[in-house]
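Here, each number is a calculation from the coordinates, and none is a lab measurement. Note that the coordinates shown come from a computational prediction; the quantities given were computed from them, not determined experimentally. A quick note on method: Cβ atoms are made from the backbone with ideal geometry, for glycine too, and the neighbour counts reach across all protein chains shown.
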Amino acid sequence: MTRMVDWTKEELEEKLDSIKSAVTIPVNLSINGRQTILDLTEVERVLRRARMISIGDCGCRERMHRCDAPIDVCFGLDKQAEELVEKGLAKKASLDEALDALKRSHEAGLVHVTYTFEGKEKPEVICSCCSCCCHSLSALVRFGMSDAVVASKFIAAANRETCIDCGKCVTRCQFKARRLENGKLVYDKSKCFGCGLCLSTCPTSSISLIRRT
């Protein structure tokens, strides 16, 4: 049975603080961290370059159970993958297995979020997130905590001449940047984080990703 629980604002603020400042216990050193949203091609590029990949379950969806999106679609990379496998928190995956998990997560409408730290920008973890269960996306969508994530390098752009106002992109958008009003698409680019979920299902190819300026 689905449990309809949710993150409290206090829990989200605590989670955000822990992500923004991660403490390494051996030397008690604070490191500034950030979360970055990647589109499908960026994630595939990272996976293909990884020395080792692990696949584990999404802790947020395990806890919240607010949707039917796949759970086993979060990735560990290289050293982090080794540690997760050693601790029994994930399983080692081939590139083909990882790409299959990536495809499943994208088809399910999940947003790919990576965690990087100052001086160590190469991703070690890539999560596949939904705004109904994920603490970071929930903080952004429900409470407007814009510093919960860092926007990707891209933003979506629409071709109004070819758009047929079908609304498929509305249902795909985790950030509520798109809606239909009187049968017409309304797009608020200030809420777009360049994940590319809208692009892949547009029947008229009216959406593209462009560099954020």
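Remarks
- On full extension, the segment bounded by GLU97 and ALA157 gains 18.4 nm, given 0.36 nm per residue less the C-alpha separation.
- Each of THR201, THR114, THR36, THR171 was scored by other Cβ atoms within 10 Å of its Cβ. Listed from fewest to most, they are THR171, THR201, THR36, THR114.
- SER200/GLU86 FRET efficiency (R0 30 Å; Cβ-Cβ; nearest 0.05): 0.30
- Order of CYS166, CYS133 under a 10 Å beta carbon neighbour criterion, fewest first: CYS166, CYS133
- Taking Cβ atoms as reference points and 9 Å as the exclusive limit, the residues near ILE53 contribute a net charge of 0, counting Lys and Arg as +1 and Asp and Glu as -1.
- Links that overshoot a 28 Å alpha carbon limit, given the list LYS103/LYS168; LYS168/LYS189; LYS153/LYS176; LYS103/LYS184: LYS103/LYS184
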